[in-house]
Structure formats: C-alpha cells, structure tokens
Amino acid sequence: MPDDAAARRAAGRGRSADVGLVIAAGGALGALARYAVALALPVAGLPWATLLVNVSGSLAIGVLMVLLTEVAGRPHRLARPFVGVGLLGGYTTFSTYAVDAHLLAGSGALGAAALYVIGTVVGALLAVEAGMALTRLLTRTKGTP
C-alpha cells in the first residue's frame, strides 16, 4: 500500500509542475503584452494604458470562460491555466491600478482618481459581460435560440 501512495504523490507532482510551467509561460507573455501597451500609449492625465489592459483583459476573460465552459466541450487541461491564469493574469494588473489611483489622489487630482477607480471597475465588469454575450452570440449554431 505505501508504494501505491508514493507513486500517486509522485505522479501528482509531475502533473502540477506542467500546470505551473504553462502559467509561468502565459504570465510572461501577458506581462510582455501589457508592457507593449504601456509603451504604445502616451502618459497623460489618466493612466490609460492600465485602464486599457484591465478592461480589454476583462473582455478576454469573458470570451475565454464561454469558450472553455460552453463551447469547447473538453478543452485541453492546460488551456485555462495558460490563458486564464497565466496570459490574462500577467496582462491585467490590479497592483498598478492601485498605485496609479494612489498617485492620482496624492497629486491632488481627486476627481481623476475617483473617475479612474470607478471607471476601471465598471468598465471591467461591463467588458466581462460583453465578452460573454458576444461570444455566445457568435458561437451560436443555426437552430439554437
């Protein structure tokens, strides 16, 4: 019996290692994409790059969840960790959002800080819903209501 338990533990370690690796790979790609957006957008007034990545990342997570849970059937077991946790987790950023809001408020731009905080949350929630609705609409087959 102890040999069976040891074999199961060893198999589980190998299986979780591949999940960690795909999360790390996706996270690296997502962070690079976020960096590219930050370089492409000018810094003026509100932190537009952070707002854009958080809202577009929320749209993408809405699309992803519908694709993985309603459309794909049985997607590869590493698809969700790679794209959802890694890629989109590395792309979106709560920490930069919090620092940006703090810096805006600290500079005396309280109205801009409030607009940024509320706008990001509302925009992200609406983007998730829009991503889900749009994906459901586009993946509906003929004859399906």
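The values are calculated or read from the model by the stated rules, or taken from the named source; none is laboratory data. What you see is a predicted model; the values in this text were computed from it and never measured. So basically every Cβ, Gly included, is an ideal-geometry build from the backbone, and we count neighbours across all protein chains shown. To get the accessible areas, we keep the full protein, side chains included, count just its heavy atoms, and leave off ligands, DNA and RNA. Shrake-Rupley method; radii C 1.70, N 1.55, O 1.52, S 1.80 Å.
Every condition in (1) open to solvent by less than 90 Å² (accessible area, probe 1.4 Å); (2) touching a strand residue (DSSP E or B) at 6+ places or on another chain (Cβ under 9 Å) holds for Leu88 except the one numbered (2). Among the residues of this structure, Leu52 counts as one that is closer than 30 Å to Gly108 by Cα and touching a residue at least 12 places away in the same chain (Cβ under 8 Å). Mind checking which pairs have a first residue in region 100-119 that is under 10 Å from Leu46 (Cα atoms) and a second that is modelled with pLDDT under 95 and in a loop (DSSP other than H, G, I, E, B), Cβ under 7 Å, 6 or more apart or different chains? Here the result reads Asp100/Pro47; Ala112/Gly45; Tyr116/Pro47, each pair linking region 100-119 to a residue that is modelled with pLDDT under 95 and in a loop (DSSP other than H, G, I, E, B). If the condition is being open to solvent by less than 40 Å² (accessible area, probe 1.4 Å) and in a helix (DSSP H, G or I), then region 92-104 contributes Tyr97, Asp100, Ala101, Leu104.
Val53 meets each of the listed conditions (1) open to solvent by 40 Å² or more (accessible area, probe 1.4 Å); (2) hydrophobic (A, V, I, L, M, F, W, C); (3) at pLDDT 95 or above apart from (1). Note on region 45-85: among residues that are under 30 Å from Ala113 (Cα atoms) and not in a helix (DSSP H, G or I), the one that is nearest to the chain's Cα centre (by Cα) is Pro47.
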